[in-house]
Structures are given as structure tokens and as C-alpha cells.
Amino acid sequence: MAGTLGGASGKRREQLKQNVKVNEVLNSVKIEKYFELAARTLSRAQEAYAKAQVDGKVGDSQGAVKRFHDLNECYVFYQRYGELSLNVIPKHNYYNSPQVAEARRRFERTRPGCLRSLEAIVRAMDTDQALLDAERERLRKLKAEREAREKAERERRAEEARLAREAEERERREQTARQRLKEQLLAEERERLRRKRQQEEQQRLQRPEPERKDGGDFVAPVVAPSPAYPPAYPPAYPPPPQTGPPPQREPSDEPAQPAPAAVVSPLQQQPSFAQGQDVLYEDRGAWQPATVVRVHREEHPPYYTVKVLGGDRPREVQTEASKLRHRKDLAAEPATSLDGLPTYEPPMPSTTVPAPVPPRVAPPPPSKPDDDARILGAAPLAPGSLDGGLLDDVAPPPPITPPAPPPRGGRPRGRGAGF
């Protein structure tokens, strides 16, 4: 039952049995040696009892961790002394000898105190074990909550990454649709200009022949120049500069016709860039700094080879003028996308900091080596071997001492140096 003495610490005391085992008595060994061995064992048990403060109260699990090894040590030594006083030394052939009567009486007077001390130690073990179990359960719940928060955080970040990918894909499709619409508009503009030139050519060919004057000489009338429409494909190189005075128009009897307004095509509205100029290149809805490496004028409109400086590493791409901007034109504009909507900014990841865990006290190792264990046939008490894994979830591991830095200056000493 849970309320009986030793019920809570039964597993703990079961793991200490290998340290309590005592061999059978040997009659070839003097009984005085056994009395001396029992006296040393009792002295070690009393020292560990006082160090563990068995009669005091422990308020929390940290105090139980602090005296965990001390309680185990005093329990082991008192159990050894009980085995010696009840089951080993009384079986010696010279135990009832008159020569050791005084030592036997002193030895027998310590038995009741040993039993009372063992009861107090077991009671303290039960109390501490209940605190350790409660602390272990609390840490288990904290670990489960932390894992649940981490799982929710991972799912949230995965959802944000999915939304970001969908937004990027949607922006790419919109950009492709805008590019196709722009190309369609440019093709329609070229077709309109071609048809207009054909109509003008047909009108020029359908004009009547000029009249003859006196003498039968043919005098060509002065015809007003045709309106200067922009060609569908402007020349690849600018015309040479005109030298000399401008040509004079001959007088004509026909009234001068007003020149129509010049038609500006979308091709002439695109900005032009020179080789080596610093520009901005549109890369997936964001403007990246770039430099014009080469201008390709063999096609119209001309396209450009630019070196993009943004991103992970510089790269060269070929693009058209619609995806380039002058840096001074974009300096005063707000951060918006091509269609005037605000640019997408992915949400920042959450920086949830878990609740700090209070520091724990590392358990101290046994103060003295267990030299008498081999004589008794028991497993010796080694530092850090008294927990049996019961403190793995409660007590923290000891701190790791960093290695000492190497000496500065001088060459390293070899084997045997300094002797």
C-alpha cells in the first residue's frame, strides 16, 4: 500500500541491495577484526546520517536531490551494520567467549539505535521520493507543453511558407499575363501603323496628274510634305548631323496645309539605357540593383544584357526596357508592386521564449572511499553510482569543464621535458 513504511522508496532501496550484501562469517578471522569492522561501519553510518539531516524536513524537490546520495549512503552503512550485528558476528565461534564479553555488550547496546535510525532513514526516503515523483510529473507536463508549442510553431511556419509560395506563384502568373498583354498591345500598334502607311501610299498614287502651262513645259506643283509619322522600326543608328543651310522651299500657289499632330507609339515611350549605366531590374515583383552590360540594337525594340547585383550572387540576364528603370525615377516612389498594390512581405517568425526553469542543485558525491566493501563482499559505493537512474529526469547533469587553453609562446615540451 502507498501509506505503509517504505512503500514509496521500495524501488530505490531495491537498487541498493548490491551495496548491502555481506559475506558469511569466517572463523579463521579473529572476532576482534569483526568488531573493528563493525565499529568503522557504524561510524561511517553516523557521519552520513548527520550529513543527510535525516531528522530535518525538506520543503521541495531541490532539497531531496541535494541529500539523495547522503540518504543512500547512510542507509547502506546502517544496513551493513545491521547484517554484521544480527546475522554475521553472532555466528562466530568465539562470539560468546569471556575474553570479548565487554566488546560484545557494547556491540549489543547499539542494535536498538541502529534499528531506529533505519526507520527514520526509510521514512525520509519515502518523503523525498514523493517530492521527486511530483517534480518528475511536473517536468513531464512542462516537456509535453513545450513539445506541443514547438509542434504548433512548426505547423504555423509551414503554413506561412505555403502561403508565401502561393503568393509568389500568383504574382508570377499575373506578371506573365501583364507581359502577354503588353506584347499584344505592341503588336496591334505595329499593325495599325502599317495599315495607315498603306492607306497614305494608296492616296498618293490616286492623286490627279498636274496641269501644263504656256510653252508646254511640265511644271510640277509644290506638294506639302506628308506628315512625319514615326516608322514602325526606327533606325538602329541615329542619322548623320545635317551640315550647311537648311533647304529652301519653292513658292507655291496652293495654300499650305497644317501639319497633323505627331503620333507617339508605345515603342517610343519606352526609356532607353546606355552601356555601363546603373539601373534597377524587376525580379519577381521586386526591384534589384543592376548594371547595363550590353545594348542589343539588332532588333526593335532593343533589348539589354544586365548584370543583376542583388540576390545571393551576381548574375547576367537578358531583358527588355519595360523591366528596367532609372534609379532616380524609383527613389521617391513608395514600395509597391507593378500593379500599384503593396508588395508582399512575409510575416516574421514568432520568437516565443519558453518559461525559464529554475536552476537545480547538483548532488554531491560520497565524501570518503568505501574501502571496507571488498572485505565484506559488497559492491563499493562509487561517486555518482547511488541514484540508479532515479534522478535522470530531476537532477541536471554536472557542468562540463572546458579544456585549458594552450600556453602562449615557446614550443611545446616533448616527452620527458622538465625532468
Of the residues in region 17-49 that are surrounded by 12 or more Cβ atoms within 10 Å (Cβ to Cβ) and among the small types (Gly, Ala, Ser), the one that is nearest to the chain's Cα centre (by Cα) is Ala48
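The rows are residues; the columns are (1) in a loop (DSSP other than H, G, I, E, B); (2) surrounded by fewer than 16 Cβ atoms within 10 Å (Cβ to Cβ); (3) at pLDDT 75 or above.
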site	(1), (2), (3)
His300	yes, yes, yes
Tyr304	no, no, yes
Lys307	no, yes, yes
Arg325	no, no, yes
Asp329	no, yes, no
Given the conditions (1) modelled with pLDDT of 80 or more; (2) in contact with a Gly (Cβ under 8 Å, 6 or more places away or on another chain); (3) not aromatic (Phe, Trp, Tyr), every one holds for Arg40 apart from (2)
Report yes if Glu73 is within 18 Å of Arg374 (Cα to Cα), surrounded by 12 or more Cβ atoms within 10 Å (Cβ to Cβ), within 48 Å of the chain's Cα centre (by Cα) and at pLDDT 85 or above, otherwise no. yes
Restricting region 9-41 to residues that are assigned to a loop (DSSP other than H, G, I, E, B) and of a type outside the set (A, V, I, L, M, F, W, C), the one nearest to Ala134 (Cα to Cα) turns out to be Ser9
The condition of being small (Gly, Ala, Ser), at pLDDT 85 or above and over 22 Å from Pro112 (Cα atoms) holds, among Ser28, Ser61, only for Ser28
* Kindly indicate whether any position in region 88-99 is open to solvent by less than 10 Å² (accessible area, probe 1.4 Å) and modelled with pLDDT under 85. => no
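Residues are listed down the side, and each one gets a yes or a no for (1) open to solvent by 50 Å² or more (accessible area, probe 1.4 Å); (2) under 30 Å from Asp372 (Cβ atoms); (3) touching a Ser or Thr at 6+ places or on another chain (Cβ under 8 Å); (4) at pLDDT below 85:
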| site | (1), (2), (3), (4) |
| --- | --- |
| Arg80 | no, yes, yes, no |
| Glu119 | yes, yes, no, no |
| Val122 | no, yes, yes, no |
| Arg136 | yes, no, no, no |
| Arg149 | yes, no, yes, no |
| Arg162 | yes, no, no, no |
So the helices (runs of 4 or more DSSP H) completely within region 42-116 holding 2 or more residues that are within 22 Å of Asp128 (Cβ to Cβ) and either in contact (Cβ under 8 Å) with a residue 24 or more places away in the chain or hydrophobic (A, V, I, L, M, F, W, C) (or both) are 61-66, 68-83
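The values are calculated or read from the model by the stated rules, or taken from the named source; none is laboratory data. None of the values given here were measured: they were computed from a predicted structure. Backbone-built Cβ (ideal geometry, glycine too); neighbour counts: all protein chains shown. For the accessible areas, the whole protein counts, side chains as well, though only heavy atoms, and no ligand, DNA or RNA atoms are used. Shrake-Rupley method; radii C 1.70, N 1.55, O 1.52, S 1.80 Å.
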